[in-house]
Amino acid sequence: AFGDEVSDLGPDTDEQSVDYPDFAAEVGRAVIDDIGSFGLNTGMTALMPAAKVPCVIVLGKIEEKPVVRNGEIVVRTILPLTGTFDHRIVDGMQIGKLARGIKRGFRKPEWLDQVPEKELEDCIFSLH
């Protein structure tokens, strides 16, 4: 299983590999850390091999900031997010899809109740 492979990872992980079919059964694992509740704007974190997760997302402090929209400066509420990912398991394409999904959820929260059929067609893991 995925956890067995990660539990013995040491400092030199370049020669380690992860079996994708085993990982597919555990694809939903992630750690979300809220440092914004402590007043911190942004932060980075390392992967935690003992936690056996390929993804750590850090939420920063929500603030109102000036941004440019349609050539105008307007004030928007900004939530900084940072992420650390195990690139033996996910690559930039999957991380981009995750980022797009998070952005979609914030912009259109009513869509959270809908199944994104198009995105599921492109998923590399079997979800059924």
- Item | Every residue from the range 63-107 that is in contact (Cβ under 8 Å) with a residue 40 or more places away in the chain and touching a Phe, Trp or Tyr at 6+ places or on another chain (Cβ under 8 Å) | Leu79, Ile89
- Task: Within the range 93-108, identify whether any single residue is of a type outside the set (Val, Ile, Thr), at pLDDT below 70 and either surrounded by 12 or more Cβ atoms within 10 Å (Cβ to Cβ) or farther than 20 Å from Val58 by Cα (or both), and answer yes or no.
- Result: no
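Residues checked against (1) more than 22 Å from Arg100 (Cα to Cα); (2) open to solvent by less than 40 Å² (accessible area, probe 1.4 Å); (3) at pLDDT 90 or above; (4) assigned to a helix (DSSP H, G or I):
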residue	(1), (2), (3), (4)
Pro11	yes, no, no, no
Val18	yes, yes, no, no
Lys65	no, no, yes, no
Val68	no, no, yes, no
Arg76	no, no, yes, no
- Query: For the range 48-55, does any single residue satisfy the condition of being modelled with pLDDT of 85 or more, of a type in the set (Gly, Ala, Ser) and either under 22 Å from Arg29 (Cβ atoms) or open to solvent by 40 Å² or more (accessible area, probe 1.4 Å) (or both)?
  - Reply: no
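The values are calculated or read from the model by the stated rules, or taken from the named source; none is laboratory data. This one's a predicted model, so the numbers in the text were calculated from it and none came from an experiment. Every residue, glycine as well, gets a Cβ built from its backbone with ideal geometry; the counts of neighbours run over all protein chains shown. All accessible areas refer to the heavy atoms of the entire protein, side chains included, with ligands and DNA or RNA removed. Shrake-Rupley method; radii C 1.70, N 1.55, O 1.52, S 1.80 Å.
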